[in-house]
Amino acid sequence: METTFTKRNSHGANLKRWREWRGIKQEVLADKIGVSQATLSGYEKKDELEPEVLEKVTKALDIPIEAVSYTHLRAHETTLH
């Protein structure tokens, strides 16, 4: 029997984690994608981002869209060490 765990990560929280991990300030990423810092801050608080926004930010961060939009974890695909 396959066990599935649902892990609800918001796109915004994942975006923020990746931005911080890359060492990029909000102002810099916002400028890179053509929005204000306040708009980017709003993106980082949203549960779900529009596909166009996901594409822009992931391209600017040089990461796959799945890195931000990944929302589930299946037990049989992971190994805990």
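Once the C-beta distance of S36 and N9 is scaled by a Förster radius of 22 Å, the resulting FRET efficiency is 0.30 to the nearest 0.05.
Note on E20 and S69: the model spin-label points, each 7 Å out from Cα along the C-beta direction, lie 2.4 nm apart. Applying 0.36 nm per residue to the separation of E48 and E27 and subtracting their alpha-carbon distance, the gain on full extension is 5.5 nm.
FYI, it's all coordinate maths here, none of it is from the lab. Everything numeric in this text was worked out from a predicted model, so none of it was measured. For neighbour counting, all protein chains shown are included, and Cβ atoms are generated from backbone atoms with ideal geometry for every residue, glycine included.
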